[in-house]
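> First the structure, then my questions, so here it is.
What follows is calculated from the coordinates using simple rules that are stated; it is not laboratory data. As the structure is a prediction and not an experimental result, all values here were calculated from the model. Here the Cβ positions follow ideal geometry from the backbone for every residue, glycine too, while neighbour counts run over all protein chains shown.
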Amino acid sequence: MKAGIKSRKWFLSGLLSACCFAAAAFFAWPSVFAASSIDPLAPGKSASAAVLDIGVLVFREGLECVLVLAAVTSGIESRHASSRKPVAFGALAGISAALLTWTVAVRFLDDLSQSVSALALQAATGLVAVVVLLVVMNWFFHKLYWTGWISLHTKRKRALMSDADGKSVSRLNFLRGMALLGFTSVYREGFEVVLFLQSYRLRLGGATVLEGVCVGLFLTAFVAIFTFVAHQRMPYRRMLVFTGVLLGIVLIVMVGEQAQEMQLAHWIPVTNLPELARFIPSWMGLWFSVFPTVETLLAQAGAAFLVLGSYFAVNRRSAAADTSQQVAQFGFGRSRTI
């Protein structure tokens with residue numbers, strides 16, 4: 001039985017990996033092999049890289065939505081089975097609200113572009129996108145921002161079910177509360193995606209953004225179908241780690257790109273490194289935003305240090321807390337023995 005479950009998990013992991021590879025190949029193939037050229041500076045290369053970046057972030061945020069909604073809908077007894085529909089309606093309302101937020105953001109930035117230079121606007125929206133990625137990738141925020149978010153929804157669901165059983169809340173208010181849980185589960189992630197995508201829209205246009213969103217939504221729909229329709233447990237932890245690594249690469253690239261845009265907008269100085277420029281080919285700037293300037297390299301090093309440093313610091317703190325708990329339990333046991 002255990003062997004069957006393990007093999008099924010490996011099958012799902014392999015199938016999801018194949019879908020990721022297929023989606024990446026579908027969008028990368030035209031730009032890489034167009035006109036039988038594999039020149040990394042070929043036109044359209046940056047757009048293809050942006051599609052993959054957007055797809056990774058949308059998939060990561062969609063995966064988090066699936067996990068929160070799974071936590072909300074799991075453990076619902078048969079007498080509350082009908083509450084799953086309000087959760088679904090709330091999730092659809094969250095998607096609609098995210099689309100409305102996108103429309104408002106686009107209109108606001110388009111109006112703002114009439115009085116602000118394009119370089120300054122791109123630098124500002126790029127900075128917002130970097131902040132979103134830093135929050136998503138920072139492990140100090142992870143405990144409060146992610147784990148606590150699931151715990152909050154789970155506690156709220158249990159409280160609503162308990163109140164409904166005790167008749168201390170009306171049926172309408174119970175269903176409204178479940179719908180609100182579905183709404184907040186989706187809209188928070190959608191709001192982050194909207195903020196993140198504005199920089200790409202201003203630089204590359206709405207068509208590129210749409211392609212990347214479709215990639216992310218395709219992979220998210222795949223996971224959602226297996227979770228809510230087929231009722232299969234997916235390797236969520238591995239997928240979070242995998243997307244986390246990809247987002248870490250996206251973060252480093254975006255930080256370098258953002259630092260260069262701030263230089264072009266004259267927000268920060270430019271300190272060239274001519275000696276280093278001989279060892280950094282021009283395509284490294286296009287693909288990975290690695291430029292031979294002090295400011296861009298320091299910004300990328302700082303972002304990497306912040307993410308990796310927070311990861312190791314949180315792990316060390318968790319290990320210290322576990323050790324303290326074991327020592328306390330051991331001491332308590334000895335005192336009782338004596």
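> In what order do LEU273, LEU67 fall by count of nearby beta-carbon atoms within 10 Å, going from fewest to most? Don't skip to the answer; put the middle values down first.
Working: LEU273 15, LEU67 20.
Arranged by neighbour count, lowest to highest, LEU273, LEU67 become LEU273, LEU67.
> What FRET efficiency comes out for SER82 versus VAL241 if R0 is 35 angstrom and r is the Cβ-Cβ distance? Round to the nearest 0.05. Could the numbers behind the result be given before it?
Values: r = 36 Å, r/R0 = 1.03.
Between SER82 and VAL241 the formula returns 0.45.
> Along Cα→Cβ, 7 Å out, is where each label goes; now give me the distance between the ones at LEU286 and SER117 in nm to one decimal.
2.6
> Now for a separate question. So how do VAL128, VAL250, VAL104 line up by other beta-carbon neighbours within 10 Å, fewest first?
Working: VAL128 14, VAL250 23, VAL104 11.
So the residues, fewest neighbours to most, are VAL104, VAL128, VAL250.
> Assuming R0 = 25 Å, can you tell me the calculated FRET efficiency for the pair VAL104 and ARG158, based on Cβ-Cβ distance, to the nearest 0.05?
On the way: r = 35 Å, r/R0 = 1.39.
According to the calculation, E is roughly 0.10.
> Taking the mean number of other Cβ atoms within 10 Å as a proxy for protection, how do you rank 54-60, 111-117, 225-231 from highest to lowest?
Working: 54-60: 25.9, 111-117: 10.4, 225-231: 12.4.
Sorting 54-60, 111-117, 225-231 by mean packing, highest first, produces 54-60, 225-231, 111-117.
> Order these by the 10 Å Cβ neighbour count, fewest first: GLU192, GLU275, GLU64.
On the way: GLU192 20, GLU275 8, GLU64 23.
Ascending number of Cβ neighbours within 10 Å: GLU275, GLU192, GLU64.
> Same structure, new question: What full-extension length gain, to one decimal in nm, is calculated for ARG233 and LEU217 as 0.36 nm per residue of separation minus the Cα-Cα distance? Write down the numbers at each step before the final one.
Numbers: separation 16, 0.36 × 16 = 5.76 nm, distance 1.92 nm.
The ARG233-LEU217 span can extend by a further 3.8 nm.
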